[in-house]
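Undergrad: Mind looking over this structure? Questions follow.
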Amino acid sequence: MNLNNLHRIVFKLGSSIITSETGEIRAEWLKSLAKDISALIEQGKEVIIVTSGGVSLGRKFIDKPMGKLKLEEKQAAVACGQIELMQGYKAAFHPVKVAQVLLTAWDTERRRSYLNAKGAIETLLKLKIIPVINENDVVATSELNYGDNDRLSARVAQMLRTDLLVIFSDVDGLYDDNPNINKNAKHIAEVAQITAEIENMAGEPAGKHGTGGMRTKIEAAKIAGRAGCDCIITNGHKLNSLSNLLAGKQLFTRFISSVNPLTARKKKNGLFPASSRWAKSSSTKARQPR
């Protein structure tokens with residue numbers, strides 16, 4: 001895969017690849033990713049990471065299965081897990097600097113919050129600091145959260161006008177049937193248009209840690225595509241998954257945007273959804289942080 005013409009890339013990391021089955025961070029895997037991303041930065045690329053894993057890492061403090069956590073227990077778990085998550089990133093990426101950014105759906109749909117978040121992240125990129133973004137589950141409610149970081153990563157890609165969104169998960173991409181059940185399932189390398197048939201191929205989450213399945217990843221590809229950003233879905237479990245991907249050593253599905261990025265920016269396509277009650281903010285000036 002050739003990234004020569006791409007400048008800004010978002011990588012989304014699922015819980016199932018960044019945390020182990022026992023709820024610990026996969027330090028060796030994260031170090032291998034850091035090495036690959038550092039190489040991209042040396043080439044002049046700007047990199048943004050949208051990460052899951054906070055709840056998985058903090059669940060041991062609550063001592064309940066993921067599916068049985070109440071909202072307040074999930075929020076307590078992520079408050080504990082975020083510390084371990086960012087410590088893991090800091091250790092793996094050193095000496096490259098990383099910064100934590102917590103967002104909610106509100107922040108990407110309400111104009112003033114959107115502009116503040118966008119400005120802060122772009123400032124980090126100028127300083128060559130990698131923004132590590134996660135959903136702010138501690139304050140998110142049912143009406144203010146994404147429920148998964150697939151869609152959040154797409155909104156971040158849209159917000160920051162990125163050239164490519166890469167979703168690392170526990171699957172090789174899109175198949176026409178469940179490959180865990182049907183050995184003859186056909187892998188789909190490229191999707192030029194997300195049709196109802198493509199959406200119907202989506203299944204349920206494969207791992208016990210994640211909240212999103214292929215359905216949310218296809219939705220993320222649609223959101224990114226409306227902003228002129230291609231989306232790649234690939235398996236991230238192995239060490240150096242990024243360098244393997246770039247070397248053509250692993251399967252992936254590429255969702256190709258049919259929208260010209262410049263046209264999307266002029267139209268602000270999908271930036272503030274009409275259905276959002278926060279979309280119509282009366283002020284266009286970003287509020288200064290207190």
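The values are calculated or read from the model by the stated rules, or taken from the named source; none is laboratory data. A quick note: this is a predicted structure, and the numbers were derived from the prediction, not measured. Heads up, the Cβs are rebuilt from the backbone with ideal geometry, glycines too, and the neighbour counts pull from every protein chain shown.
Undergrad: For segment 81-92, which residues satisfy the criterion of being of a type outside the set (Ser, Thr, Tyr) and crowded, with 17+ Cβ neighbours inside 10 Å?
TA: 81, 82, 84, 85, 86, 88, 92
Undergrad: Just checking, does segment 47-59 include any residue being in contact (Cβ under 8 Å) with a residue 24 or more places away in the chain, of a type outside the set (S, T, N, Q) and surrounded by fewer than 17 Cβ atoms within 10 Å (Cβ to Cβ)?
TA: Within segment 47-59, not a single residue is in contact (Cβ under 8 Å) with a residue 24 or more places away in the chain, of a type outside the set (S, T, N, Q) and surrounded by fewer than 17 Cβ atoms within 10 Å (Cβ to Cβ).
Undergrad: Residues of segment 2-33 being in a helix (DSSP H, G or I), surrounded by 15 or more Cβ atoms within 10 Å (Cβ to Cβ) and either among the acidic types (Asp, Glu) or within 16 Å of the chain's Cα centre (by Cα) (or both), which ones?
TA: Across segment 2-33, the qualifying residues are 15, 16, 17, 18, 30, 33.
Undergrad: A follow-up question, please. List the pairs whose first member sits in segment 129-157 and is surrounded by fewer than 21 Cβ atoms within 10 Å (Cβ to Cβ) and of a type in the set (A, V, I, L, M, F, W, C), whose second member is at pLDDT 80 or above and not in a helix (DSSP H, G or I), and whose Cβ atoms are under 6 Å apart, counting only residues at least 6 apart or on separate chains?
TA: Partner pairs satisfying both residue conditions: 129/97; 129/99; 144/104.
Undergrad: Is there a residue being among the β-branched types (Val, Ile, Thr), surrounded by 18 or more Cβ atoms within 10 Å (Cβ to Cβ) and within 23 Å of residue 219 (Cα to Cα) anywhere in segment 93-101?
TA: Within segment 93-101, one or more residues are among the β-branched types (Val, Ile, Thr), surrounded by 18 or more Cβ atoms within 10 Å (Cβ to Cβ) and within 23 Å of residue 219 (Cα to Cα).
Undergrad: Being in contact (Cβ under 8 Å) with a residue 60 or more places away in the chain, touching a Lys or Arg at 6+ places or on another chain (Cβ under 9 Å) and polar (S, T, N, Q) is the requirement here; does residue 22 meet it?
TA: So residue 22 does not fit the description; no.
Undergrad: Can I ask one more? Just checking: which of the helices (runs of 4 or more DSSP H) contained wholly in segment 87-194 hold 2 or more residues that are within 15 Å of the chain's Cα centre (by Cα)?
TA: The helices (runs of 4 or more DSSP H) meeting that bar are 105-109, 149-159.
Undergrad: Determine if segment 251-261 includes at least one residue that is buried (at least 16 other Cβ atoms within 10 Å of the Cβ), modelled with pLDDT of 90 or more, within 29 Å of residue 32 (Cα to Cα) and more than 17 Å from the chain's Cα centre (by Cα).
TA: There is at least one residue in segment 251-261 that is buried (at least 16 other Cβ atoms within 10 Å of the Cβ), modelled with pLDDT of 90 or more, within 29 Å of residue 32 (Cα to Cα) and more than 17 Å from the chain's Cα centre (by Cα).
Undergrad: Ok, one more. Assuming residue 71 fulfils every condition listed in (1) surrounded by 13 or more Cβ atoms within 10 Å (Cβ to Cβ); (2) aliphatic (A, V, I, L, M); (3) out of contact with any helix residue (DSSP H, G or I) (no Cβ under 6 Å at 6 or more places or on another chain); (4) at pLDDT below 95 apart from one, which condition is it?
TA: (1)
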